[in-house]
Amino acid sequence: MLRRAVAVELEVTKELNKLLYSVEAMYLNIVREVVEYAIANNVTNPTQLHRLFYSKYRQEYPSLNSQLVIQAIRQSSEITKSFIERKRRGLVGKPYPEVRSASIRFVETTWNYEQFTSSIAPVRITISLPGGRREVWIKPHKRFWLYWWRVLNGEAELAGTLIVKRRVNKWYAVFIFEVKPREAKPQSVVSFDINENTVAISRINLASTVGMVADWNRQYVTPELYMIRTDFGRLAKRYERIRDAIIDRLKPHFALPSGNYVNIADTREFRKRVKHLRERGRKIGRVRHVANELTKTPAIIVTEELGDNPQESMINGIGKDELRHRIKQTPFKSIEKVVEDKALERGSRVLHVSAYRNSRVCPIHFTRLEGTDDWHILKCPLGHLVDRDYASVTNMFWKLTPEAWAKGVWWNLKSEEMNWKAREGDSNPIIPHPIVQYLHATLKEFKASFEQSPAVLARGNPMNPARGANEGWARKPPTPS
Ligand SMILES: [Zn+2]
């Protein structure tokens, strides 16, 4: 099951606004106090916290629905757990989490869930507030109706818990939809590779009926190759400059009598200014764009197996601080996660292949590629040039075919167990055998057609005096193997 949260603004009168503010204040107070206790005493178990605090807050806030007290305590346990986990991983420096806002949770019995879900076009909710149940109109928008349509179609379900949340001075109801993963026939096989400023994509469209492979006509089929500009590296560089400028501007205000400076990055003023930059928001927008592009039609999506910390393995061997920083800022993992999520929702499937030698082997001759002056262009010993990205995404395709096993150049035989038999025929649960055959036929055709137009693999001149300028292209440095 996939979860999708949809926030819908509430139509709020002055009086209701006051009421919601008072509930929020009580709720937030409970969360803050319980979290503080939980961390100081290392108690994270929700049942234990409930036993300790429930009656105390029932007495303290008699007007608050008992279910809200229960939810506030449960939420405190979750916040504490995630804080302790982040602290363990060294991601937070503070001794306590700052609980700045609360998402007020209304469980099934504290709002008109039944009535709401039985409606064809719901436009209001009824929630339990101090003084009794209140009817509130919502302002549904396109996205909400889109999910609602799925509920009516049986493709999604509305979760029982409703979240009420404030953003600045507007109130929102957050509906949680549980969407059933879609089953669809793949229309293409897509491989992608994430670089610092681009995502390279290769796509092979499948014939309308894969069964036709038997009399597959020897039509000229070339895997499509294109790039999506993401500019994560450039974005990181730009924000780095802006941050430095902010630090310089604030410095005079934080000089100590000794002549030293306080660490500006730790100050409230700095955080306040940085917040307005919306660096994260921009990045997320680009990540989603990539995921949308990859999953727009049902496909089998192939990508490299990333380690736990892909950035670390890439910056090994790169001396330049600035470049290291930019690679660190490339959201490899988050692109992968969003793609996987979207794929499930839209009926695509994601398959991981080993990263071994993907951009080190000629996808035509299966020979080891050599470097050129241009970091991005490689040279096949048989005398032609290969674009590194093209090699990488094409070799990912090869890895799905029997060729990969027969040639063996894509596998690290020492560390990987070769077991083609187990993956043959219908036993591969992700790629049906006819698709593997089709893919193989396409690649073989592509390989044969290469002799007619060898330029297709490289779009650049290795003589480019590019070294410095080339940096923007940076991707994984060659790993010694
Ligand atoms: Zn070659």
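Observations
- Qualifying residue in the range 326-338 (condition: touching an Asp or Glu at 6+ places or on another chain (Cβ under 7 Å), in a helix (DSSP H, G or I) and more than 16 Å from the ligand (Cβ to nearest atom)): yes
- Residue that is farthest from the ligand (Cβ to nearest atom), among those in the range 368-385 that are of a type in the set (D, E, K, R) and in contact (Cβ under 8 Å) with a residue 12 or more places away in the chain: D373
- Members of the range 388-408 that are modelled with pLDDT under 80 and within 31 Å of the chain's Cα centre (by Cα): A404
- Some residue of the range 52-72 being surrounded by 12 or more Cβ atoms within 10 Å (Cβ to Cβ), among the small types (G, A, S) and at pLDDT below 95: yes
- Subset of the range 255-264 (residues that are surrounded by 12 or more Cβ atoms within 10 Å (Cβ to Cβ) and among the hydroxyl-bearing types (S, T, Y)): Y261
- For the range 340-367, a tally of residues being modelled with pLDDT of 85 or more and either more than 16 Å from the ligand (Cβ to nearest atom) or in a strand (DSSP E or B) (or both) returns 14.
- Given (1) at pLDDT 95 or above; (2) surrounded by fewer than 19 Cβ atoms within 10 Å (Cβ to Cβ), number of the condition S82 does not satisfy: (1)
- Condition check for D389: more than 22 Å from Q187 (Cα to Cα), more than 14 Å from the ligand (Cβ to nearest atom) and crowded, with 21+ Cβ neighbours inside 10 Å: yes
- Enumeration of residues in the range 346-373 that are surrounded by fewer than 17 Cβ atoms within 10 Å (Cβ to Cβ) and among the charged types (D, E, K, R): R368, E370, D373
- Candidate set: the range 278-291, residues that are surrounded by 17 or more Cβ atoms within 10 Å (Cβ to Cβ) and β-branched (V, I, T); chosen: the one farthest from V199 (Cα to Cα): V287
- Selection within the range 225-276 - within 28 Å of the chain's Cα centre (by Cα) and aliphatic (A, V, I, L, M): L225, M227, I228, L235, A236, I242, A265, V274
- Residue match in the range 372-380 (condition: at pLDDT below 85 and in a helix (DSSP H, G or I)): no
- Out of V99, V92, one residue alone is closer than 19 Å to R166 by Cα, part of a loop (DSSP other than H, G, I, E, B) and modelled with pLDDT under 95. It is V99.
Results for (1) farther than 18 Å from T198 by Cα; (2) exposed (fewer than 13 other Cβ atoms within 10 Å of the Cβ); (3) out of contact with any Phe, Trp or Tyr (no Cβ under 6 Å at 6 or more places or on another chain), shown as yes or no for each residue.
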position	(1), (2), (3)
R234	no, no, yes
I242	yes, no, yes
H253	yes, yes, yes
D266	yes, yes, yes
E269	yes, no, yes
H276	yes, yes, yes
E293	no, no, yes
P310	no, no, no
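The values are calculated or read from the model by the stated rules, or taken from the named source; none is laboratory data. It should be emphasised that the depicted structure is a prediction, and the values quoted were computed from it without experimental measurement. Cβ sites come from the backbone with ideal geometry, for glycine too, and all protein chains shown count toward neighbours.
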